[in-house]
Amino acid sequence: MTKPVPPTVSFDEFDEINYPRPEITDFDGIAERFLSRRGFLKGSAMVGASAFVLGAGSLAARDARAAAGWLSFEPIAANSLDQVTVPKGFKAEVLVRWGDPLWSGKPAFDHVTRGTGESQETAFGDNNDGMSLFAAPDGKSVMAVNNEYVNRNIIFGNRPDGKPANADDVRKGKAGHGVSVFEIAQHGGKWSVVLDSKYNRRLTVDTPIDITGPAAGHDLLKTAADPSGTKALGTMNNCGNGQTPWGTYLTCEENFNGYFSSSDAEIKIPAEFKRYGIGPKDWGYAWAMADERFDIAKHPNEPNRAGFIVEIDPLNPSSTPKKRTALGRFKHENAELVVADNGHVVVYMGDDERGEFIYKFVSAGKFAKDGDNSALLDTGKLYVAKFSDDGTGMWVELTPASTGMASMAEICIHTRQAASAVGATTMDRPEWVAANPLKAEVCCALTNNKNRGVKPNAGGDPTPANGPNPREKNNYGQIVRWMPAGGDHTAEAFAWDLFVLAGNPTVHNDANAGSKNVTADNMFNSPDGLKFDSQGGLWIQTDGNYSNAKDFAGQGNNQMLVGNTETGEIKRFLVGPKECEITGITWSQDKKTMFVGIQHPGEKGNSHWPEGGDAVPRSSVIAISRDDGGLMG
Ligand code: FEO
Ligand code: CA
Ligand code: CA
């Protein structure tokens, strides 16, 4: 039904012709201000022309990517197939699957038992999420990949009720979590894991980790096993990621609350726990059955030691990772790190829960190329975002003075409460944040929020529709974009607009149709993973409703698209198999391969991807390349 773009018709006019919008509404007022072509320019003007006018560098880059055929693909249609679909001229191959051993002499994945505690500890973890590729000094390529959680009905599919039945099942479940680090190499054009590489390592829920930064040693972090409050065991629910220019990997602990339970059913849950969703029942993982530190009746401070960003040196398998408390404690999605022009390190972070906030950390020290950057993430300022409806915003520093809290240590442990105290803007579930490497522009996926305008967040903060979160009962999600004042990532002021409001223009004729850059051909719901490539393309990965029915009719399985933040254009590049989400993205050293994560295919029992037949579905990392050997970003 979409008409071709006549050369004389603008982007806006084209969509107006194809998808006429209803009469102006309150929503349209906001959309007009923040999203229309006029809004793009108006928003950018607020931070001064210099921030938005393309520099020579980025123009050169755009010429280069045009020459390389960057983004020159025929967008694909939505589908509900049990396969990965990419455009003509591209191929997608599986690199590694849940349960694939990282060392030789270990058992291959067993489709009947789905592995044991022992086999899982030496194999790629489950539900891969954020990932980064590192170039080792010896030229090798080393991947670090998060393993966010396990699908109980799949990993324990050998048990009649899909629940862990004994201590070894708990061991297997815990080992399915964490981070997998391994070398990869390309032979005959095909990438594979290098078994037994000196870089290969599994980090799990039982790996020793140091606690550093303002909260280290605080009473709230002391436990029976660690009276010092500085030595944690393990990392869990590792969602999105970050990568530092000094060669380390950041893994982000998200829904850590779901692993704790109480042997005392009558336990009184303090408000501090309620804010983070910590209660007497876990989500069925039953870790406390075999490891009592997950029993909050016995070890009430243990949950305070999770919910952080952890820094890992992927090239040194014997290094001890560090929980960087200066970056705050919440349900961390990812950690997008930028070195500001003045040398300070800025880390942008989302807290993925309905009505929670967007944060940034600014290091006190400066990045030193070839210097010691090992303590940069321990000292600095922690800010939370306040968006105004006029398209401007402020980063508000969290300090004892601004929050009324006793110390920075407490702020770094009860960060949500600190942000509520300064009146931060409640957001529609902040997922990944992505910074454009070519200019001072940052985007965050706000995945959806059925509670917007319906009820407050877990801290009682009201959540009326507001500028960057304009729709009540938000089903589809949006991507907010901000431009730091003066192009300085350390600045406290910014201007913002909306890059896209997802929606379904084939079902709705109102705000739920989405913004003007959403069409019947590129529509999607629930943006989640977000990353700019080196050429400035914004890759958008979805974790949404894949029913392909009703509000989501025509949207098919979860997918990956690429957006152009200069023009607003969005094109669908990939569709995943049934019941998966697409999450995690990185590139080979030569940028000719893009690695993408396929998480939880068949989470409701209806996929056999990637092996087909009657195989158990397995989360996997795939490698995507062009048939002509061109660049992938
Ligand atoms: Fe792990 Fe918010 O996604
Ligand atoms: Ca996510
Ligand atoms: Ca999500």
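Contact map, the range 382-404: residues that are in contact (Cβ under 8 Å) with a residue 12 or more places away in the chain and of a type in the set (Ser, Thr, Tyr) paired with residues that are open to solvent by 50 Å² or more (accessible area, probe 1.4 Å) and part of a strand (DSSP E or B), Cβ distance under 7 Å, separation 6+ or inter-chain. Pairs shown: Tyr383/Glu397. Here is the figure for the range 85-107: residues that are over 18 Å from Asn522 (Cβ atoms) and either in contact with a strand residue (DSSP E or B) (Cβ under 8 Å, 6 or more places away or on another chain) or not in a loop (DSSP other than H, G, I, E, B) (or both) total 15. The residue that is farthest from Lys439 (Cα to Cα), counting only those in the range 557-595 that are basic (Lys, Arg) and open to solvent by 10 Å² or more (accessible area, probe 1.4 Å), is Lys578.
Restricting the first member to the range 440-462 and to residues that are within 16 Å of ligand 1 (Cβ to nearest atom) and open to solvent by 10 Å² or more (accessible area, probe 1.4 Å), and the second to residues that are in a loop (DSSP other than H, G, I, E, B) and of a type in the set (Lys, Arg), the beta-carbon pairs closer than 9 Å and six or more apart or on different chains are Asn448/Arg429; Lys450/Lys473; Asn451/Lys473.
Residue by residue, here is whether (1) assigned to a strand (DSSP E or B); (2) more than 17 Å from the chain's Cα centre (by Cα); (3) of a type in the set (Lys, Arg); (4) within 16 Å of ligand 1 (Cβ to nearest atom) holds:
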{"site": "Ser547", "(1), (2), (3), (4)": "no, yes, no, no"}
{"site": "Asp551", "(1), (2), (3), (4)": "no, yes, no, no"}
{"site": "Gly556", "(1), (2), (3), (4)": "no, yes, no, no"}
{"site": "Leu561", "(1), (2), (3), (4)": "yes, no, no, no"}
{"site": "Ile582", "(1), (2), (3), (4)": "yes, no, no, yes"}
{"site": "Gly605", "(1), (2), (3), (4)": "no, yes, no, no"}
{"site": "Gly613", "(1), (2), (3), (4)": "no, yes, no, no"}
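Of the set (1) over 19 Å from Asp129 (Cβ atoms); (2) within 16 Å of ligand 1 (Cβ to nearest atom), all apply to Ser515 but (2).
Condition first: open to solvent by 20 Å² or more (accessible area, probe 1.4 Å) and over 24 Å from Cys239 (Cβ atoms). Can you find one or more residues in the range 197-205 that meet it? Within the range 197-205, one or more residues are open to solvent by 20 Å² or more (accessible area, probe 1.4 Å) and over 24 Å from Cys239 (Cβ atoms). Taken over the range 596-609, the criterion of being crowded, with 24+ Cβ neighbours inside 10 Å and either within 25 Å of Phe532 (Cβ to Cβ) or within 15 Å of ligand 3 (Cβ to nearest atom) (or both) is satisfied by Val596, Gly597, Ile598, Gln599, His600.
So that you can scan it fast, the table gives a plain yes or no per residue for (1) of a type in the set (A, V, I, L, M, F, W, C); (2) more than 24 Å from Phe182 (Cα to Cα); (3) open to solvent by less than 10 Å² (accessible area, probe 1.4 Å); (4) modelled with pLDDT of 95 or more:
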site	(1), (2), (3), (4)
Ile309	yes, no, yes, yes
Arg354	no, yes, no, yes
Tyr359	no, yes, yes, yes
Ala364	yes, yes, no, yes
Ala368	yes, yes, no, yes
Ser374	no, no, no, yes
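Taking the range 329-344 as the range and being open to solvent by 10 Å² or more (accessible area, probe 1.4 Å) and within 14 Å of Glu311 (Cβ to Cβ) as the test, only Leu337 passes.
Name the single residue that is least open to solvent (accessible area, probe 1.4 Å) among those in the range 491-504 being within 17 Å of Lys386 (Cβ to Cβ) and outside any strand (DSSP E or B). Filtering first and then ranking leaves Ala491. Among the residues that make up the range 485-492, is at least one of them over 27 Å from Asn436 (Cα atoms) and either more than 16 Å from ligand 2 (Cβ to nearest atom) or at pLDDT 95 or above (or both)? The answer is no, given that none of the residues of the range 485-492 is over 27 Å from Asn436 (Cα atoms) and either more than 16 Å from ligand 2 (Cβ to nearest atom) or at pLDDT 95 or above (or both). Taking the numbered list (1) open to solvent by 10 Å² or more (accessible area, probe 1.4 Å); (2) farther than 20 Å from Leu438 by Cβ; (3) within 16 Å of ligand 2 (Cβ to nearest atom) in turn, Lys531 passes all entries but (2).
So, in the range 410-438, how many residues would count as being at positive phi and within 16 Å of ligand 2 (Cβ to nearest atom)?
Looking only at the range 410-438, we keep the residues that are at positive phi, and these are 423, 429.
Of the ones still in play, those that are also within 16 Å of ligand 2 (Cβ to nearest atom) are 429.
Residues in the range 410-438 being at positive phi and within 16 Å of ligand 2 (Cβ to nearest atom): 1 in total.
Here Phe134 meets each of (1) more than 26 Å from Ile582 (Cα to Cα); (2) touching a Pro at 6+ places or on another chain (Cβ under 7 Å); (3) outside any helix (DSSP H, G or I) with one exception, condition (1). A count restricted to the range 463-482 and to residues that are of a type in the set (A, V, I, L, M) and surrounded by fewer than 24 Cβ atoms within 10 Å (Cβ to Cβ) stands at 1.
Scanning the range 269-281 finds one or more residues that are free of Cβ contacts under 8 Å to residues at least 24 places away in the same chain, within 20 Å of Ile413 (Cα to Cα) and either hydrophobic (A, V, I, L, M, F, W, C) or surrounded by 24 or more Cβ atoms within 10 Å (Cβ to Cβ) (or both). Going through (1) touching a strand residue (DSSP E or B) at 6+ places or on another chain (Cβ under 6 Å); (2) more than 16 Å from ligand 1 (Cβ to nearest atom); (3) under 20 Å from Val507 (Cα atoms) one by one, Trp587 falls short only on (3).
The values are calculated or read from the model by the stated rules, or taken from the named source; none is laboratory data. Keep in mind it's a predicted model, so treat the numbers as computed, not measured. Cβ sites come from the backbone with ideal geometry, for glycine too, and all protein chains shown count toward neighbours. SASA here: full protein model, heavy atoms, side chains in, ligands and nucleic acids out. Shrake-Rupley method; radii C 1.70, N 1.55, O 1.52, S 1.80 Å.
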